[in-house]
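Some notes on the structure that comes next.
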Amino acid sequence: MEKEQIWRHDGQRYRVSPWALLWDNENYYMVAYDNEAGLIKHFRVDKMTGIRKTDLPRQGAEDFGRFDMAAYSDSHFGMFSGDVQPVRLAFDRGLAGAVIDRFGSGVSMIPLDENRFSVTVNVAVNVQFFGWLCGFGTRVSILAPDSVAAEMGRHAAAIAALYGSAHTTP
């Protein structure tokens with residue numbers, strides 16, 4: 001509320017090797033290899049400050065050689081991080097277009113019955129992913145893994161608790 005910059009990483013500089021620029025949800029992100037963590041990470045460009053080029057060799061070439069930028073973008077809802085894992089979802093058939101828009105035309109849609117189909121997609125499990133699912137209401141459900149379904153249940157219950165019968169406006 002004070003509109004003061006709160007630094008991540010305890011204010012320490014990140015030393016990363018940049019590899020790509022990604023446009024997602026109206027923002028640019030630098031996709032880079034963090035050698036210290038041994039991970040590919042992304043950073044919102046408009047929030048970067050004090051950028052300095054070094055003479056150190058760029059790292060992560062092997063990881064980026066097999067990196068699929070489209071899959072990375074599709075799995076990170078709103079570019080929020082989370083544990084990327086395969087999640088099996090069931091959708092009403094009327095949502096096929098939304099599924100293709102999100103995961104691409106290569107996504108495998110398996111009929112469950114005359115009204116629903118399932119997909120298995122790799123996603124970063126986080127509140128942004130749950131929010132995307134909530135946008136479809138009862139027209140989508142998490143089939144597996146059980147741990148992700150349970151986490152979604154806790155997320156929905158916490159939101160519902162905010163609007164229970166005792167709800168009062170602050």
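Assuming Ser105 fulfils every condition listed in (1) in a helix (DSSP H, G or I); (2) at pLDDT below 85 apart from one, which condition is it?
The one condition Ser105 does not meet is (1).
I'd like to check something: does segment 92-99 contain any residue that is at pLDDT 80 or above and of a type in the set (D, E, K, R)?
yes
Any residue that is part of a loop (DSSP other than H, G, I, E, B), open to solvent by less than 50 Å² (accessible area, probe 1.4 Å) and touching a residue at least 24 places away in the same chain (Cβ under 8 Å) - is there at least one of those in segment 86-101?
Within segment 86-101, not a single residue is part of a loop (DSSP other than H, G, I, E, B), open to solvent by less than 50 Å² (accessible area, probe 1.4 Å) and touching a residue at least 24 places away in the same chain (Cβ under 8 Å).
State whether the residues of segment 35-50 include one that is under 27 Å from Ile142 (Cβ atoms) and modelled with pLDDT of 90 or more.
No, segment 35-50 contains no residue that is under 27 Å from Ile142 (Cβ atoms) and modelled with pLDDT of 90 or more.
So, in segment 31-42, of the ones that are among the charged types (D, E, K, R) and assigned to a strand (DSSP E or B), which residue ends up least open to solvent (accessible area, probe 1.4 Å)?
Looking at the filtered set, the residue picked out is Asp34.
Kindly indicate the residue of segment 108-130 that is without any contact (Cβ under 8 Å) to a residue 24 or more places away in the chain and part of a strand (DSSP E or B) and also farthest from Ala70 (Cα to Cα) among those meeting that condition.
Pro111
Somewhere in segment 20-30, is a residue open to solvent by 90 Å² or more (accessible area, probe 1.4 Å), out of contact with any strand residue (DSSP E or B) (no Cβ under 7 Å at 6 or more places or on another chain), not aromatic (Phe, Trp, Tyr) and not in a strand (DSSP E or B)?
Checking segment 20-30: at least one residue is open to solvent by 90 Å² or more (accessible area, probe 1.4 Å), out of contact with any strand residue (DSSP E or B) (no Cβ under 7 Å at 6 or more places or on another chain), not aromatic (Phe, Trp, Tyr) and not in a strand (DSSP E or B).
The conditions are (1) charged (D, E, K, R); (2) outside any helix (DSSP H, G or I); (3) open to solvent by less than 70 Å² (accessible area, probe 1.4 Å), and Arg58 fails exactly one of them. Which is it?
(3)
From the list Arg66, Arg8, exactly one residue is at pLDDT below 85 and either closer than 21 Å to Gln128 by Cβ or touching a helix residue (DSSP H, G or I) at 6+ places or on another chain (Cβ under 8 Å) (or both). Which is it?
Arg8
Output yes when any residue across segment 110-126 is hydroxyl-bearing (Ser, Thr, Tyr) and surrounded by fewer than 13 Cβ atoms within 10 Å (Cβ to Cβ), and no when none is.
Scanning segment 110-126, I find no residue that is hydroxyl-bearing (Ser, Thr, Tyr) and surrounded by fewer than 13 Cβ atoms within 10 Å (Cβ to Cβ), so the answer is no.
The values are calculated or read from the model by the stated rules, or taken from the named source; none is laboratory data. Here the structure is a predicted model, which means the values were calculated and not measured. Glycine also receives a Cβ, built like all others from the backbone with ideal geometry; neighbour counts cover every protein chain displayed. Just so you know, the surface numbers come from the protein's heavy atoms only, side chains and all, with ligands and any DNA or RNA stripped out. Shrake-Rupley method; radii C 1.70, N 1.55, O 1.52, S 1.80 Å.
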